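**Student:** One structure, as structure tokens, below. Some questions next.
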Amino acid sequence: MKSDDSAFYSVVYQDVYDPYPLSTDLPCSENEVPFKQLSGDEAIEKSFMESNCQSSVWAKRGSKASFLLTSITIMKSMVGVGILGIPNVMKNFGVILTIVIMMIVYSLGMTASRVLLKCKNLSKKSNYSTIGYFIFRHSWIIYTVNLIITLSNITTCLSELIIFGDASQLLIKFYKGDDYEVPFYLSRPFLLCMLGLVLTPLLIVKSIEKLRFVSLTAILSISTFTALAFYNFFTREGTPEGFSLLIPSTFNFKNAMTALPTLLLAYNWQFNLFPIFKGMEDPTDQKMTYAMFTGYSMASFLYLCVGILGYATYGNNIQTNYLKSIKSQEVGSILYVILNITFVISTTLTLPVLFFGGRNNFIQIYKQLTSEKKTVQDVKNYKEFLDETNSKRQEKLIEIKLKKRSQKIRFYLLTLLLFVLLMCGAIFLDNLTLVFNIKGAVFCNSIQFVLPSLFYIKLVEKVKKYRFKSKQKQYFYYGIKVLFCMSWVFLVTCVVCGTMAAGH
């Protein structure tokens, strides 16, 4: 980018990134900014929500969500493929310690969400990118946020493809026997390639409205999975080998830290906070806090049920992908087939929706890097265009049509490029543990803790040129600084342990 990149964004994109002039009064994190006065990129926020099947708040333009619907939407934003790895976390830490860790992640997640609300009040912005640009006044923060969101979506898609591959192979082994030598046309790479060809028409759609029919499949698969966890527990006799309430005797620090990011993945939803907040009826910070508490509690209850019941059923035999722990002889052929077919269908249909948000952010990064934005010169050219004769206008209209056609071709090429890279990752990487580790430790950790704490620290330094009004606020500020530092320690530790574990 050019050296005057910051000036370019602040002048040209003033209506997007800084529509309000700085006030001479120092803002306070406790003074709520009315949601209608907030400035944010609703298009990106909406795209991300829709890409995670959370479009209920936006189902009708102008409609608002009740408190209960808002709480359910928050819960739905959290619950996803990460639920498959919760029993494996309990296998590494034991029941009691896992519950303690979940309570810590719960509390820190609520704190980070409240920090985002404070950042909203201090900056009058309602989007990660706009808050970041308000603070740093440089485009690198916009690139960083978009890149993190893109990679977060893509790793979710990668998890879905790995689960599809596992479920399809489990079904083949079930029908043909464990000793069956799988031919190439039934192999995991070939089936993934066929899936890619089948889904290609859905992957290139520009409107999420065309994919609304698939939004319930994820709920169906998770509901089936949860019901099976209860069924397995109550039909199994005795305690499995390795089950422990306290820290298990087989505890291994490297394996435990490899599995721990799954909890951050399970509680990750913060990027949806602002669009959900704006979608509430008469939104206030207090109402949003209560809705977050309710959503967190519902998700935690589901995680605890699945985690404890899954671990109590299989003990040390539990795997990161819970599906691979289930045996057809134990649950019966019908239930075993239903569960795996449900996940095959779910991953097939939800993949285009998950891919939608990642693709849009990927294209947004490309546009920013190539500087294809509305500039001041564009405005001048448009004014000149209005003053020109009809013949010259026709020539320019033809140029505009040709440019739109090239943009359409570029859209398809970038979409296919991203999907090919995704499919290559799924074909050559079938380690769900490593994917959960990287996604949880790096991307979910950044969205949930690193960015919110960084934003709050910088905003406080930007606007609070005076002493804190109370010791409590001062301690809270220093506590957020500690959280920021610890999130980096957590990121490095978990990634190093995960990489070492994958090497073995």
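**Student:** Going by what's in this entry, would Lys91 be described as under 20 Å from the mean Cα position of the chain (by Cα), part of a helix (DSSP H, G or I) and under 30 Å from Lys324 (Cβ atoms)?
**Tutor:** Details: under 20 Å from the mean Cα position of the chain (by Cα): no; part of a helix (DSSP H, G or I): yes; under 30 Å from Lys324 (Cβ atoms): yes.
Taking the combined requirement at face value, the residue does not satisfy it.
**Student:** Output the residue which, of all residues in the range 275-292 that are closer than 12 Å to Leu116 by Cα and of a type outside the set (D, E, K, R), is nearest to the chain's Cα centre (by Cα).
**Tutor:** Of everything passing the filter in the range 275-292, Phe277 is nearest to the chain's Cα centre (by Cα).
**Student:** Still on this structure: Of Val81, Val89, Val100, Val105, which residue is closer than 23 Å to Asn445 by Cβ and modelled with pLDDT under 90?
**Tutor:** After ruling out the rest, the residue left standing is Val81.
**Student:** Here is a follow-up. How many residues does the range 211-263 hold that are in a loop (DSSP other than H, G, I, E, B), at pLDDT 80 or above and within 27 Å of the chain's Cα centre (by Cα)?
**Tutor:** Number satisfying all stated conditions: 1.
**Student:** Another one. Please note which helices (runs of 4 or more DSSP H) are completely contained in the range 114-207 and include at least 1 residues that are touching a Lys or Arg at 6+ places or on another chain (Cβ under 6 Å) and closer than 14 Å to Met423 by Cα.
**Tutor:** It comes to 140-176.
**Student:** May I pose another question? Whether any residue in the range 403-419 is of a type in the set (A, V, I, L, M), over 30 Å from Phe134 (Cα atoms), modelled with pLDDT of 90 or more and in a helix (DSSP H, G or I) is what I want to check.
**Tutor:** So far as the range 403-419 goes, no, none of its residues is of a type in the set (A, V, I, L, M), over 30 Å from Phe134 (Cα atoms), modelled with pLDDT of 90 or more and in a helix (DSSP H, G or I).
**Student:** Another one. What about Leu304, is it closer than 17 Å to Met78 by Cβ and either buried (at least 20 other Cβ atoms within 10 Å of the Cβ) or at pLDDT below 85 (or both)?
**Tutor:** On the way: closer than 17 Å to Met78 by Cβ: yes; either buried (at least 20 other Cβ atoms within 10 Å of the Cβ) or at pLDDT below 85 (or both): no.
No.
**Student:** Sort out which residues of the range 160-184 are free of Cβ contacts under 8 Å to residues at least 60 places away in the same chain and within 33 Å of the chain's Cα centre (by Cα), and write them in order of number. Let's see the steps before the verdict.
**Tutor:** If we filter the range 160-184 for residues that are free of Cβ contacts under 8 Å to residues at least 60 places away in the same chain, which is where we start, we get 169, 172-173, 175-184.
The answer is Gln169, Ile172, Lys173.
**Student:** A further question follows. Residues being out of contact with any Phe, Trp or Tyr (no Cβ under 8 Å at 6 or more places or on another chain), crowded, with 24+ Cβ neighbours inside 10 Å and either under 30 Å from Met90 (Cβ atoms) or of a type in the set (Asp, Glu) (or both): count how many of those fall in the range 274-291.
**Tutor:** 1
**Student:** Another one. Please work out which residue is surrounded by the fewest Cβ atoms within 10 Å (Cβ to Cβ), limiting yourself to the range 315-341 and to residues that are assigned to a helix (DSSP H, G or I) and among the polar types (S, T, N, Q).
**Tutor:** Looking at residues that are assigned to a helix (DSSP H, G or I) and among the polar types (S, T, N, Q), I get Gln329.
**Student:** Looking at (1) buried (at least 21 other Cβ atoms within 10 Å of the Cβ); (2) modelled with pLDDT of 90 or more; (3) farther than 15 Å from Leu84 by Cα, which is the only condition Met298 fails?
**Tutor:** (1)
**Student:** List the residue pairs whose Cβ atoms are under 7 Å apart, where the first residue sits in the range 254-270 and is basic (Lys, Arg), the second is modelled with pLDDT of 90 or more, and the two are 6 or more positions apart or on different chains.
**Tutor:** Lys254/Cys497
The values are calculated or read from the model by the stated rules, or taken from the named source; none is laboratory data. Quantities reported herein were computed from a predicted structural model and do not represent experimental measurements. Using ideal geometry, Cβ is built from the backbone for each residue, glycine included, and neighbour counts are taken over all protein chains shown.
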